[in-house]
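For reference, the structure discussed in these notes is given below.
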Amino acid sequence: MNTNKIKHIGVFTSGGDSPGMNSALYAIAKTAEATGIKVSGFRKGYEGLIDGDLVQFKSHELQKLTQKGGTILKTARSKRFLELEGRKKALQTLNANKIDALIAIGGDGTFKGLLTFSEICDIPFIGIPGTIDNDISGTDYTLGFDSAVNTAIENIDKIKDTAESHNRVFIVEVMGRDSGYIAIHSGLTTGADAILIPESGKDFIYLLDKVKNYDSEDAFLVVVSEGDEIGAELVSSKIKEVNPNVDLRITRLGHIQRGGNPSALDRMLGIRLGVASVNALSQGKKNVMAGVLNNQLHLTPFKEVVKQHQVDDELMELLELFGK
Ligand SMILES: Nc1ncnc2c1ncn2[C@@H]1O[C@H](COP(=O)(O)OP(=O)(O)OP(=O)(O)O)[C@@H](O)[C@H]1O
Ligand SMILES: O=P(O)(O)OC[C@H]1O[C@](O)(CO)[C@@H](O)[C@@H]1O
């Protein structure tokens, strides 16, 4: 392993926080220490790069926090980094602190940011997929997705209890800005009657077909992704149009899905990708995201990662089967 070139890695978390980010930070610090590389953490995503807001990290300090949700480095959505002016300031920070490689933990927006930054900064960048949305190519799962789905399931199960007791229709909105992964996984595993996602056009038709005849002793559960083009309110009024007798409630799970300690899967993913990202730098790799495909570590160029995500065919078939 060639570790001569990289002496000082900068790391940051960016976009929405996600459970497992702290595990990845711990693993980065541990691996870097083992190979004699210094690590500095930039606080608040790209904002910290612009402002030179950095802290030194030691693995024994991170070890205490590895099981915690959120990100100890804090995170942000940075308007300033969208401007060349902001990116130039970030470059000055890197030069002033002699940072010779960057690891970013975030979603596709964060990797788009790195691609744009690479036009003026040629140190190697490595990405780790950290977003509850799971909307990134090049990895089976993103950090935080499994934990978010577990939180959604736990809450939907509870809603189902009360829905059944009252014979109610419940629309539960789950997160996913442009992506239906949380809705598909949480909807299928809680026995939802309908699952609405932005990637499908037929799901709404199936829902209306089903709900117009709904007159049972059971709950009728609709799980809708916040990114769905129709949205919870409109779904509610359409349901009432086709079946005016329903007693209907809407629950938005919201940011509760982003919090909480990471699941076992997310902790392990964080550890594996944290180690893989430092190793990738040591091997001279640049501008790639470390992910896990078919349970094997995989490096994918940012250009591939930021392409529009697709829900795979098997999941779409499941939706078709369970949605009808
Ligand atoms: N095209 C771009 N050029 C420069 N910077 C960008 C670009 N796109 C996104 N960024 C930067 O990356 C940050 C993070 O992106 P974004 O807010 O979309 O979250 P994300 O990384 O996709 O995570 P999540 O999936 O949790 O929302 C943005 O706030 C912005 O500072
Ligand atoms: O916390 P914010 O900035 O409101 O972002 C919410 C968005 O972030 C995500 O939780 C992803 O991090 C999306 O599912 C959601 O649309």
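Only the coordinates and a few stated rules stand behind these numbers; no lab work does. Because the structure is a prediction, the values reported are computed rather than measured. FYI the Cβ positions are ideal-geometry reconstructions off the backbone, even for glycines, and counts take in every protein chain you see.
Does anyone have the angle between helix 231-242 and the longest principal axis of the chain? Alpha-carbon axes, 0 to 90°, nearest 10?
10
Rank-order 203-216, 20-33 by packing density, defined as the average count of other C-beta atoms within 10 Å over each peptide's residues, highest first.
20-33, 203-216
Compute the angle between helix 145-166 and the longest alpha-carbon principal axis of the chain, please, reported from 0 to 90 degrees and rounded to the nearest 10.
That helix lies at roughly 20 degrees to the long axis.
For a Förster distance of 45 Å, can you work out the FRET efficiency between the beta-carbons of Gln67 and Glu241, rounded to the nearest 0.05? Each step should come with its number before you reach the end.
Details: r = 48 Å, r/R0 = 1.06.
The formula returns an efficiency of 0.40 here.
How do the peptides 109-115, 79-85 rank, highest first, by the average count of neighbouring beta carbon atoms within 10 Å per residue?
Result, highest mean first: 109-115, 79-85.
For the ranges 287-295, 137-145, what's the packing order if you count other beta-carbon atoms within 10 Å of each residue, average per peptide, and put the highest first?
137-145, 287-295
Using only alpha carbon pairs under 8 Å that are at least six residues apart, calculate the relative contact order of the chain and give it in whole percent.
In percent, rounded to a whole number, it is 25.
Can you work out the base-10 log of I(q)/I(0) for segment 145-259 at q = 0.13, 0.14 1/Å, using the Debye formula on its C-alpha atoms alone?
Reported log10 I(q)/I(0), two decimals: -0.42, -0.49.
Counting Lys and Arg as +1 and Asp and Glu as -1, what is the net charge of the other residues whose Cβ lies under 13 Å from the Cβ of Lys44?
Computed value for this residue: +1.
With θ set to phi - 60°, apply the Karplus curve 6.51 cos²θ - 1.76 cosθ + 1.60 along segment 251-256 and write out the HN-Hα couplings as whole Hz, x wherever there is a Gly or Pro.
So the J values, rounded to whole Hz, are 10, 9, 6, x, 5, 3.
According to the square roots a ≥ b ≥ c of the eigenvalues of the Cα gyration tensor, what is the shape class of segment 263-306, taking rounded for a/c under 1.5, prolate for a/b larger than b/c otherwise, and oblate for the remainder?
It is oblate, given that a/c is not under 1.5 and a/b is not larger than b/c.
Calculate, in whole percent, how much of the Cα-Cα pair population of the chain lies beyond 29 Å.
On the way: 20945 of 52326 pairs.
Summing the P(r) tail past 29 Å for the chain gives 40 percent.
How much net charge surrounds Ile123 when only the other residues with a Cβ under 12 Å from the Cβ of Ile123 are counted, with Lys and Arg +1 and Asp and Glu -1?
Result for the neighbourhood of Ile123: +2.
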